[in-house]
Amino acid sequence: MSLKSSPQLRRELGVVGATVMGLGSIIGTGVFVSIGIAAGIAGNAVILAVIIGALVAICNGLNSAQLAANHPVSGGSYEYGYKYLNSWLGFTAGWMFLLAKSASAATAALGFAGYFLNATGLAGRGLLIPLALASVFVITAVVLNGIRRSNRVNIAIVSISIFSLIFFVLGGIPTAIATGRENLTPFNGSFSTVLHASALMFVAYTGYGRIATLGEEAKEPRKTIPKAIIVTMIVTMLIYVGVATIAVAGVGAENLGKSAFTGQAAPLEVAVRSFGIPGGAQILAIGAIFAMLGVLLNLILGLSRVLLAMGRRRDMPRIFARLNTTGTTPTPAVIAVSSIISILVLIGNVKTTWSFSAFTVLIYYAVTNLAAFSLSSNERLYPKWLSILGLSACVFLAFWVEPFIWQVGLALIVAGLIWHAVARMKN
């Protein structure tokens, strides 16, 4: 089965739908968990890390937009690497995406379970993994019903999540004003810790890539995809900077970091308790719970579309190239992805997973920027220097995570390329 003769997904997403998909992919584990992890590394300079991560993500987002506008098929940078570079770099991008986002999806499922159990007072009763698995099964059932129904669920999830974060920012302003001077000055992060935290915060923005992986399902992709990515990034950056500033000013970076690393409470939940707002912790917990489900929904969508693309090219078994009878869902790919996530739920660790995601996602977007650099003048929407800046930033930040993480990441790249060589010989 050739790529062109493979059955194609229906185009059902407009700008609003694609933007909501992007927001649903971003606003979740990143804002509710990673700000705390980054604060534990960089101190109150985490605010600077949030901004650096956003700037790098904007470069990558714009490069992803012009690639997806010119080559609107499922698969994202996996497909861009094949079309504009070569099969080896294309496969590396797809392989990194599958590794990073499968682990991130498992983390989101565990995060949902943790927030839910804390909010209901059931924490510590051995229900974390069963509840996380149940969330994977339920969201998988939603995804199997097609992109249109998935998008309706996503709109509800994103609305609740954003409301809870706006509540957090507005409710925390009085406390931030009262204690901000003490907690925000002086900046206590070093050059290395800020870059380390920036790499972790970059991952918190990378949900915009889900818009590109859904390019085959977007109406007028050359217009829809760039607009959706730009709007998504602007909204997300404003929310993240606001949340990070209020959280650090209100409770201090040290307390945020402790809550993230111990895993006993959500970092933002610790902060909102200090605001003295009746019911504040519960409102934030509801937002966090829905946000984690939104991330899980969008990761299963994105991962299954990349696996679909890899199946079409025979980099993975071609059963993953099959669609359901209505042409709206790659059913075998969705089932395979949810199975992998379920296995990772059993062994996942939030801090390690997030750091591993940082390295693998930065390598993934390095390929994206390299592919964007190869666009012709007629295809290009933005200046060429944007591709160079994005590529340099991704490669530079990738190696500021813990040495063990990037060493394991490089080993897995080699293992994946060996698999790719074997698959090419068989085909």
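Bear in mind these aren't lab numbers, they're just calculated from the coordinates by the rules spelled out. All values reported here derive from a predicted model rather than from experimental measurement. Positions of Cβ are backbone-derived with ideal geometry, glycine not excepted, and every protein chain shown enters the neighbour counts.
GNM on the chain, C-alpha springs below 10 Å: top fluctuator among ASN183, ASN378, ASN145?
ASN378
Along the Cα→Cβ direction, 7 angstrom out, place labels at ALA156 and LEU122. What is the inter-label distance in nm?
1.9 nm
For the chain, what does the helix formula give at 222 nm: sum of -39500 (n - 2.57) over DSSP H segments with n ≥ 4, over the residue count, nearest 500 deg cm²/dmol?
Computed mean residue ellipticity for the chain: -25500 deg cm²/dmol.
On full extension of the chain, what length is gained from LEU417 through ILE166, given 0.36 nm per residue of separation minus the C-alpha to C-alpha distance?
Here the segment from LEU417 to ILE166 would lengthen by 85.9 nm.
If packing is taken as the average number of other Cβ atoms within 10 Å across a peptide's residues, how do 26-34, 336-344, 108-116, 173-181 rank, most packed first?
So the peptides 26-34, 336-344, 108-116, 173-181, ranked by packing, come out 26-34, 108-116, 336-344, 173-181.
Subtracting the Cα-Cα distance from 0.36 nm times the residue separation, let me have the gained length for GLU402 to ILE347 in nm, one decimal.
Extra length from GLU402 to ILE347 when fully extended: 17.8 nm.
Please sort through the DSSP H helices of the chain and keep those with an alpha-carbon extent of at least 18 Å along the long axis and a Kyte-Doolittle average not below -1.0.
Span-like helices, by this rule, are 46-70, 87-120, 128-144, 147-184, 191-203, 221-251, 280-312, 331-345, 350-373, 384-398, 403-426.
With just the Cα atoms defining each centre, how far is the stretch 225-240 from the stretch 391-410? Give it in Å.
Measuring centre to centre over Cα atoms gives 25 Å.
Test of understanding: ordering SER104, SER377 by Cβ neighbours within 10 Å, fewest first, what list do you get?
SER377, SER104
How would you classify the stretch 59-135 from its alpha-carbon gyration tensor, with a ≥ b ≥ c the square roots of the eigenvalues: rounded for a/c under 1.5, else prolate if a/b is greater than b/c, otherwise oblate?
Judged from the Cα gyration tensor, the stretch 59-135 comes out prolate (a/c at least 1.5, a/b above b/c).
Exposure proxy check: TRP88, TRP406, TRP354 ranked by fewest other beta carbons within 10 Å?
Listing TRP88, TRP406, TRP354 from fewest to most nearby Cβ atoms yields TRP88, TRP406, TRP354.
Among ALA141, ALA288, ALA411, which one shows the highest mean-square fluctuation when the chain is modelled as a Gaussian network with alpha-carbon springs under 10 Å?
Between ALA141, ALA288, ALA411, it is ALA411 that shows the largest mean-square fluctuation.
Can you sort TYR84, TYR78 by how many other beta carbons sit within 10 Å, fewest first?
Fewest-to-most Cβ neighbours within 10 Å comes out as TYR84, TYR78.
Could you grab the Rg to Rh ratio for the stretch 15-421? Cα atoms only, Kirkwood for Rh.
0.95
Taking 0.36 nm per residue of sequence separation and subtracting the Cα-Cα distance, how much length would be gained by fully extending the chain between THR179 and MET425, in nm to one decimal?
Value of the extension gain: 82.2 nm.
Could you state the orientation-averaged shadow area of the convex hull built on the Cα atoms of the stretch 25-171, in nm² to one decimal?
If you wrap the Cα atoms of the stretch 25-171 in a convex hull and average its projections, you get 11.5 nm².
Distance from the Cα centre of the stretch 359-377 to that of the stretch 81-145, in angstrom?
If we compute the Cα centre of each part, the gap is 24 Å.
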